[in-house]
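The structure appears right after this line, and notes come after that.
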Amino acid sequence: PPLAQADVLALPLGDTPALERAVADHGEELAAILLDLMPNRAGLAPVDPAFAARARSLASAQGALLIFDEVITFRLSTAGLHFLYDLKPDLLTLGKIIGGGLPCGALGGSPEAMAVLEPHASAPVHLSGTFVANPLTMRAGLAALRALDAPAIDRIDALGERLRAGLIAQGFTVTGRGSLLKLHHPDLPHLWWRLYREGVLIAPDGLCCVSTPMDDAVVDDALERFARARP
């Protein structure tokens with residue numbers, strides 16, 4: 001919508017000169033830089049750490065907030081992908097895995113950034129939502145995060161890397177990191193149906209996730225099924 005376009009600048013992902021020009025051109029008008037470190041819709045390719053670090057330094061220098069979207073990538077470490085990049089955002093958005101399979105979203109950040117939500121402040125920003133602090137979701141999410149500790153993450157990340165390497169060896173084009181991978185194919189709907197008939201269910205956009213119930217035997221079986229489904 002025109003009103004949204006008036007307030008938001010969309011930049012090519014990973015284009016440091018474009019980011020620097022945008023910050024220079026808009027100066028104090030800039031409220032925040034929003035970045036997904038491995039966006040699924042953009043291909044699930046990890047952002048260059050140097051680009052992410054430059055976004056951090058530009059936001060800090062300009063007095064703007066740096067916001068990381070880790071709704072998908074939080075599963076890559078006990079503190080998310082930004083922890084592996086050794087970067088600290090001002091605000092962080094989370095979802096999916098923190099709900100243990102139930103609808104969930106979360107917002108966190110630095111004390112300075114979150115202070116505007118403090119209900120006892122002089123002019124607080126009111127924050128509410130349908131699933132805010134839903135007891136069932138919080139219990140399920142807590143159980144899921146306790147099960148997904150560092151050893152569990154290391155294990156499913158290794159399985160994901162093994163699955164990705166095996167698929168690449170079969171001739172597939174695959175991106176991602178750790179337990180997250182994405183298939184790229186010129187006729188993805190056709191491949192989706194071939195995989196479905198072989199007993200493999202992937203997302204319609206090619207996204208695949210390795211989860212904690214899986215093991216090496218599952219990866220071996222999946223690779224055999226992928227091989228049979230390959231056109």
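A few remarks follow.
- The sole residue among L180, L223 that is within 23 Å of M38 (Cα to Cα), touching a residue at least 24 places away in the same chain (Cβ under 8 Å) and out of contact with any Leu (no Cβ under 6 Å at 6 or more places or on another chain) is L180.
- If only residues of the stretch 89-134 that are in contact (Cβ under 8 Å) with a residue 24 or more places away in the chain and of a type in the set (A, V, I, L, M) are counted, the one that is surrounded by the fewest Cβ atoms within 10 Å (Cβ to Cβ) is L102.
- Flag for G109 being in contact with an Asp or Glu (Cβ under 7 Å, 6 or more places away or on another chain), under 30 Å from P49 (Cα atoms) and small (G, A, S): yes
- The stretch 66-88, subset farther than 18 Å from I33 by Cβ and among the polar types (S, T, N, Q), residue most open to solvent (accessible area, probe 1.4 Å): T78
- G63 passes every criterion in (1) open to solvent by 50 Å² or more (accessible area, probe 1.4 Å); (2) in contact (Cβ under 8 Å) with a residue 12 or more places away in the chain; (3) touching a helix residue (DSSP H, G or I) at 6+ places or on another chain (Cβ under 7 Å) apart from (3).
- Among the criteria (1) open to solvent by less than 70 Å² (accessible area, probe 1.4 Å); (2) in a helix (DSSP H, G or I); (3) in contact (Cβ under 8 Å) with a residue 24 or more places away in the chain, the one L44 does not fulfil is (2).
The values are calculated or read from the model by the stated rules, or taken from the named source; none is laboratory data. Nothing here was measured: the structure is a model prediction, and the numbers come from that model. Counting neighbours? That spans all protein chains shown, and the Cβs are built from the backbone with ideal geometry, glycine included. All accessible areas refer to the heavy atoms of the entire protein, side chains included, with ligands and DNA or RNA removed. Shrake-Rupley method; radii C 1.70, N 1.55, O 1.52, S 1.80 Å.
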